[in-house]
1. Under 15 Å from the 7 Å Cα→Cβ point of D16, by amide nitrogen: which residues of segment 49-88?
2. Taking the beta-carbon count within 10 Å as an exposure proxy, list V85, V124 from fewest neighbours to most.
3. Over all directions, the average projected area of the alpha-carbon convex hull for the chain comes to how many nm²?
4. Ratio to report: Rg/Rh of segment 48-151, with Cα atoms as the point set and Rh obtained by the Kirkwood method; give two decimals.
5. Mind checking which of V231, V209, V240 has the largest fluctuation in a GNM of the chain, springs on alpha carbons under 10 Å?
6. Run the quick spin-label model on D120 and R245: label points 7 Å from Cα toward the beta carbon, then report their separation in nm to one decimal.
7. If I stretch the segment between T109 and A221 completely, what's the gain in nm (0.36 nm per residue apart, minus their alpha carbon distance), one decimal?
8. Describe numerically, in nm with one decimal, the distance between label points set 7 Å from Cα along Cα→Cβ at A75 and at A160.
Amino acid sequence: MCRHLAYLGPPATLHDLLHAPAHGLLTQAHAPREQRYGTVNADGFGAGWYTADRPAPLRYRRAMPMWADASFADAARALRAGCVVAAVRDATLGFGPDESCAQPFRADTWLFSHNGAVADDAAVYARLGVPPPHGALDARTPVDSAPLFAHALRAWRSGADLGAGLAATVRAARACSPGRYNLLAADGHRIAATAAGDTLYTLRRGGGVWLASEPFDDDPAWRPVPDGSVVTADADRTAVAPIDRERGEPCSASTST
């Protein structure tokens, strides 16, 4: 269900990051090589990026397949950024292809994406999504990813670092429901992701670092992230740790932040 990617490094165009690679996100929308669930990601796409003049990210989302949006393909040649999160969507059964469900989600200085599906979305929503965090419209979206974003956002607003917030979200969600919880996030200075039921890879080259559902080329420098791990990367290093390094959280109600 879905493919996503984060990049941190020297400014690059969105075209070079998403369209140009032989097996980039554009190709993964219709011909992913390692997708375990579903075969095509045609239910929308989105990209978020940071600019030097503002801490909050900009974003573009559509409900159409990525390959059908010629206007974005043109604009992507002129959009340049040093931190990007992008995703293509295969809608979870029971949730429609509305544009508001396309990711990444955003609030404050953060971008967030979920690749996976929640088995008992009602239980996860009741415990992680209510009440939704103040000012975070994406946390109210009618899709199983929204309560995960809500929980991560609360953690970040409470001072958790990027990767710790994602790991805490996976633990809390698993306490309520089985599911696949590959999460991805950025804050403009770091990127982080969880491998929790689906594939995840890292790559460092040319001063940049990528986290991606699957490699977009055949560079042998790509490294798989073990399932059950959280990875955090900045300009200097990539760190991988177990998601369950800390004691699991009970399935209990969250408080609004």
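Throughout, read-outs are computed from the coordinates displayed, never taken from laboratory work. This one's a predicted model, so the numbers in the text were calculated from it and none came from an experiment. As a convention, Cβ positions derive from the backbone with ideal geometry for all residues, glycine included, and neighbour counts pool all protein chains shown.
1. Counting only backbone N, you get 76-84.
2. Values: V85 30, V124 27.
Least to most surrounded, the residues fall as V124, V85.
3. Details: hull surface 47.8 nm².
If you wrap the Cα atoms of the chain in a convex hull and average its projections, you get 12.0 nm².
4. Details: Rg = 14.5 Å, Rh = 14.7 Å.
Taking Rh as the inverse mean 1/r over Cα pairs, Rg/Rh reads 0.98.
5. V240
6. 2.9 nm
7. Details: separation 112, 0.36 × 112 = 40.32 nm, distance 3.00 nm.
Computed gain between T109 and A221 is 37.3 nm.
8. Here the answer is 3.2 nm between the modelled labels.
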